[in-house]
1. I need 432, 633, 214 ordered by Cβ neighbour count within 10 Å, fewest first.
2. Check which residues have an amide H placed less than 5 Å from residue 605's amide H, if you skip close sequence neighbours.
3. For segment 764-841, which trypsin sites (Lys or Arg not before Pro) are in a loop by DSSP, counting at most 11 other Cβ atoms within 10 Å?
4. In whole Hz, what ³J(HN,Hα) sequence does segment 639-645 give by Karplus (6.51, -1.76, 1.60; θ = phi - 60°), x for Gly and Pro?
5. Kindly flag which residue pairs out of 98/768; 699/748; 764/838; 616/856 have an alpha-carbon separation exceeding 23 Å in this structure.
6. What ranking do 833, 333 get, fewest neighbouring Cβ atoms within 10 angstrom at the top?
7. List the residues whose amide H sits under 5 Å from the amide H of residue 736, counting only those 5 or more places along or on another chain, with H placed 1.01 Å from N in the peptide plane.
8. If packing is taken as the average number of other Cβ atoms within 10 Å across a peptide's residues, how do 162-171, 7-16, 70-79 rank, most packed first?
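Coordinate-derived values only; no laboratory data. Quantities reported herein were computed from a predicted structural model and do not represent experimental measurements. Neighbour counts are summed over all protein chains in view; Cβ atoms, including those assigned to glycine, are modelled from backbone coordinates with ideal geometry.
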Amino acid sequence: MSHQTFNTKWANAIQDLTTQLQLEYLPVEGEELPLDGSKPPPPKPIELTFDNQAVVYVKYLQIYNSLEAAYDQLVHPQKRESVFKVLESTLVRLIEMKHQLLSPPFNPRPTSRYLALDEVVTDLKLPSGALVPRVPRYFVDHPSVADLLEIKIGRLEHWLRTFKNTVVEDDLLDPRDPFQETMSVEDAIRLIQKNERGRSGIVKAKMVAEWRKDALKKEARQKQSQEKSETEDLLELQMHGVTLISAHWKGLVARRRIAEKRRQELQFLGMTAPPRPPVDYPSLAEQNRQKRKKQQEEALREFEKALETSTADIREKEAVDIMADLKDERRKWYLEYRRQAGTFPKEYELFYTKDEPPPVEEEEDPKKKKDEKKKEPKKDNKKKKKGEEDIEPVEQQVGPSGAVIKIKESIDEYMSTWKGRDESRNFDQRHDPALTRATVRPTVEEEIRQQVDALIKEELENLINMYEKAKDKKKKGGKKKGKKGGKKKGGKGKKEKKWCIAQGLIGNKEDLFPDLVKDGILKKIKPVHLSQFYGEFAFLGASQRYCPPTAPPPPPPDPSQPSKDIYEYVVPPSAGMVKQLLVENVILPLGSDYIRQRAPFACRSLLLYGSKNTGKSFLARAIATEVGALFFDLSPQVIEGLYTQPKTGAALLVHKTFLVAQECAPAVIYMDQVDQIFAASKKKKKGEEGGDNAPNRIKKELVNHLKQIKKAGPDNTSQDRILFIGCTTQPYADHVDTKELLSFFEEKVWLTFPDYPSRVFLWKQFMKDRGVSIEPLNFPLSNLAHVSEGYPAGSIKQAVDHVLTDRRIQSITRRPLELSEFVGPLSRTSYCWPEEWKQLRDFDHSATGEKDVQDKKRAGDAGGDDKGKKDDKKKKKK
């Protein structure tokens, strides 16, 4: 694509943002003026509902995708800076809109953390993939970030080689092959004997069959000698048929040969175009993108050199005049102040507040205070019962926010600087010299202003000492004494409380990185992307998730079966919903300090639960890959036997990991089988082993260290960009302390087996990844999707990889694929049994808070019914 393509994307995005800002600032709903000239009726306030706010959210999502594509491909360095500002502000506003849609006034199901916007997408006629925001590529591709990431990876590989560990990227999968059974020697001997007996039986059966065939052949020969006369006519007919077939075949071969010679001759004479080779468009687009990335680097280097040159030029030619003007302005100020007040200003900061109006202090009437005290309600000192505590409603900001103001500033900058700018001669999209000087000038002026302020402040102090020393002598002496006293008080500071035992036990922090590599905690993982987490769009998401939870259930088809409320349990989220949640709540705050400081929510801990092979470890690797984070593994099988000191072992293990994670942020701390960490604590019996080596020994330290990571807000720093990811297949197990588990994790995501449309898509996509394209007319893909119900996506991939070997792919043209080839390997992979799925559904029902909401609702309805029955009884007595 050309430079103009991405300039147009940027311009269209700015135009759409202008329309969005009109909606943000629109306070009331417009009314038509009456034709008779009378006064118009008062305006009606806008009724904010889930549907209209969802449309605004989807529009912001489209604008962000356009801006991200423009920023990734634009070459002009100054344009990229302008696009980057509006891109980050749009991302913050997008997260704010998502948080607003999930709040109770708008969300039809307040406990749900997912948005089902299929109806909005249908109304706007958008493709199904438009709802998943693309992960910003500048998280990894930005020059400064890419250099740091390369240094961290090189450092990790160096220590892996030093400790003779494998440098091969870890995919976190189970190394055991599901298609290879493990057996003992006795079982192997028994299997060989069984196969040998079967082989000998087959040989004997073949011998008997051959004897029988020979006998049949002899009988056939005797019959042929009798019917020899009848077969002569048949041979003549066969010879005639063979002659016709050979003639037609030879003619076809000759015509093909002549047609090929004709084509070659026309090509030699230049009268026909040669056939076009097949084009791989995705790889071609990636090649063009890499070319533009190189052009971006060259343009950026030239721009940085121009900034240095312009800075030096302004300092050399204009610094003297700027400094003289600033000195004159400040000297006139303090002379005018002395003329009016009779003294020099004692505080230099008054210069910057001279034009501000003085604050107006309003005197309060004592009568009003008395009336307000009388009106104040008396406090109810009675203790409230459990469950009667008042819940304060959360205020939701509807309207312009700080992100909207930043977007408005970016739009104004685009209109004043870039719209209509003539760049017909800037073919290479290099920087603009005039804009470069305008960019540097404020920085140079600020440096000169600080120098002038220091000089004038010293000059003012000298003047005060010369002319007003006698007047202020006593005041200065008093102030000095106060300062000395203050110093004495400040010298005795309170010691900070230790929140971790291991705080004073770590000597050289530089040794922590190699220690974690040696212990196998710091790993080099195989990179994957979130776009590889396949799944079909949920076209019935709104009707399934936003139906009223108290609606009556439909009648059961079989009267013998008990009826179940279909609205009691929320359906599992689709793959698109999971990706949308992870991008907006997890990846974006983890990848950017700017977003983390301004977003309403930033996830610090994420729980992924589901049956085996549903993609939990895959998503953990994808999150680390998308933000360029280091990967720490604290799974029970990894930390077994490490740091088993009785009191300090667990604290040292966790503290070292978090220290290195803060130093190398962004970082992902991963833990598989997290249910073992949050096992319910039991009293240890005498002689029982495993206390200092038990996985749950680090539970307390994990909770303490996670509290040190700040939540979303302006106080966040780059060291707070740490994410803890826990994965489990049995969150419902009896040994798990469910309350602690749910309170530790801020986001909980249920990963289950795919539905029918997703299974069709997965089979087709996994075969395509192996280089095999499937046509539905030639292969029963629908039957395969029905057969694989209950199998997770990882099991489907294992079956495809097992069947489509390199040798089988080469023989597909001779021997097409059959359904039976996949059924056998699929049956040997992991399967989500109905009992397991119901237990996971019940856990998700309580983890999301839906169970508590429905219990309270049912308790309220039952209370209302009991009250009505009591009233009826009283009426009957009367």
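1. Going from sparsest to densest Cβ surroundings: 214, 432, 633.
2. Correct list: 724, 746, 747.
3. Values: sites: 764, 768, 770, 797, 807, 808, 814, 828, 838, 841; in loops: 770, 814, 828.
In loop regions of segment 764-841 (DSSP not H, G, I, E or B), the sparsely surrounded trypsin sites (Lys or Arg not before Pro) are 814.
4. Each residue of segment 639-645 in turn: 8, 5, x, 9, 6, 9, 4 Hz.
5. 98/768; 764/838; 616/856
6. 833, 333
7. Long-range HN contacts for residue 736: 680.
8. Working: 162-171: 11.2, 7-16: 18.2, 70-79: 22.1.
Ranked from most to least packed, the peptides come out as 70-79, 7-16, 162-171.
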